[in-house]
Amino acid sequence: MGKSHKRNFSAVICLTVMIVIFGYFGYVMGISNMLKTMMNTAHDLVLNTCLFLMAVCVLTGAIGSLFVEFGVVNLLEKLLRPLMKPLFNMPGAAALGAVVTFLSDNPALITMAKDSRYASFFRKFQFISLTNFGTAFGMGLIVIVFMVSFGYSWEPFVGLFGAIAGCIVSTRLMQKFIIMDLPSYKDEYAAVCSETEENTSEESLKKTSTFIRVLNGLLDGGKSGVMVGVAIIPGVLIVSTFVMMLTFDTGSVEEYTGVAYQGTALFPYIAEKLDFLFDILFGFNDPHQIAFPITSLGAVGAALGLVPAFIEQGWIDGNAIAVFTAMGMCWSGFLSTHTAMLDTLGYRNLTGKAILSHTIGGIVAGIIAHWTFIVLSLF
């Protein structure tokens, strides 16, 4: 098949998918109501969710930058280092990757991994599994602060525990897959650093006052938070709008009127058929709750956009917050980042195994969070 035929085939597939999706919404809701609901929902998400998320990103970015500036990140790395080998089968340097992605997002790990001095700490099977390891902590601080801001004080930390458990499963499973396919990677190092060059900025730090360092840290971190906040807007608007239209029904009225947050309620319908499974695994007591982990597969920022509306509708309890935090952190949009991350590291051929491992890890994170919440609720 020539390039022109392939392009035509792709175009036909694209048109078919678009016709099916919009045809379904148009058939159920009406074309006019469908378009109005899309625009009104996206507009409300911008004003009431995206700007709130950006505020969270700016504040957490400022805090994260201060942690880096004054050595808190290095201290955390040293404290966490003893846990790396027994829990994740990773060298102590991996702890720094966890802290950095927790304070920012998944791609932050790539900048570190491209540094040969950092990569030299890892054998190849460990280095590749960094993709799974770092992703499980992506946007962790933002997710936890966001959940706490709605009045849930301890449930998000149960979710953090679940995310760590899911990370252990995902990382170790990925390592097993790599060693099974490429046994030589068990002993080969990811990089060889012939000579370590310490280019510290101690002299410049001595010339800079503490006040200026604090100010620069806050402003630079806040600026990076704005960039993260802007970066998640497309995901929130596009993904959340369609997920909400597949989650909500007509609302308080009996027919479609084109207002924000109306939909076809397809996800709850499917979830009701599998209600027994989601109840056992995650303790979901409302079929709408399944929309959060589904959205987290593509973008955790978009998944967070669902929470305010879910709370307003009364569809969320403490258990759901714990499970949402666990699965949101562990998955953190890995379907949209894993391919790019592995491609950047030079191991694109292992993307399938990384995705499979992390899918299982996210499910385990939700299960652990649910049952941990059950146990803690007994006290």
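The values are calculated or read from the model by the stated rules, or taken from the named source; none is laboratory data. Everything quoted here is computed from the prediction, not taken from an experiment. We place every Cβ from the backbone using ideal geometry, glycine too, and count neighbours over all the protein chains shown.
Annotations
- Of the numbered criteria (1) surrounded by fewer than 21 Cβ atoms within 10 Å (Cβ to Cβ); (2) touching a residue at least 24 places away in the same chain (Cβ under 8 Å); (3) among the hydrophobic types (A, V, I, L, M, F, W, C); (4) in contact with a Leu (Cβ under 9 Å, 6 or more places away or on another chain), the one residue 290 fails is (2).
- The listed residues are 241, 247, 295, 208, and the only one of them that is within 24 Å of residue 355 (Cα to Cα) and modelled with pLDDT under 90 turns out to be 295.
- Selection within region 317-346: residues that are crowded, with 24+ Cβ neighbours inside 10 Å and among the β-branched types (Val, Ile, Thr). The member of this set that is nearest to residue 143 (Cα to Cα) is 325.
To keep it simple, each residue is scored yes or no on (1) farther than 22 Å from residue 240 by Cβ; (2) at pLDDT below 80; (3) among the aliphatic types (A, V, I, L, M).
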residue: 29; (1), (2), (3): no, no, yes
residue: 40; (1), (2), (3): no, no, no
residue: 45; (1), (2), (3): no, no, yes
residue: 48; (1), (2), (3): no, no, no
residue: 64; (1), (2), (3): yes, yes, no
residue: 91; (1), (2), (3): yes, no, no
residue: 99; (1), (2), (3): yes, no, yes
residue: 106; (1), (2), (3): no, yes, no
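- Selection from region 343-355 of residues that are over 16 Å from the mean Cα position of the chain (by Cα) and assigned to a helix (DSSP H, G or I): 343, 344, 345, 348, 349, 350, 351, 352, 353
- Flag for residue 95 being over 26 Å from residue 303 (Cβ atoms), buried (at least 16 other Cβ atoms within 10 Å of the Cβ), of a type outside the set (Asp, Glu) and free of Cβ contacts under 8 Å to residues at least 24 places away in the same chain: yes
- Meets criteria (surrounded by fewer than 21 Cβ atoms within 10 Å (Cβ to Cβ), in contact with a Ser or Thr (Cβ under 9 Å, 6 or more places away or on another chain), not in a helix (DSSP H, G or I) and not aromatic (Phe, Trp, Tyr)) for residue 222: no
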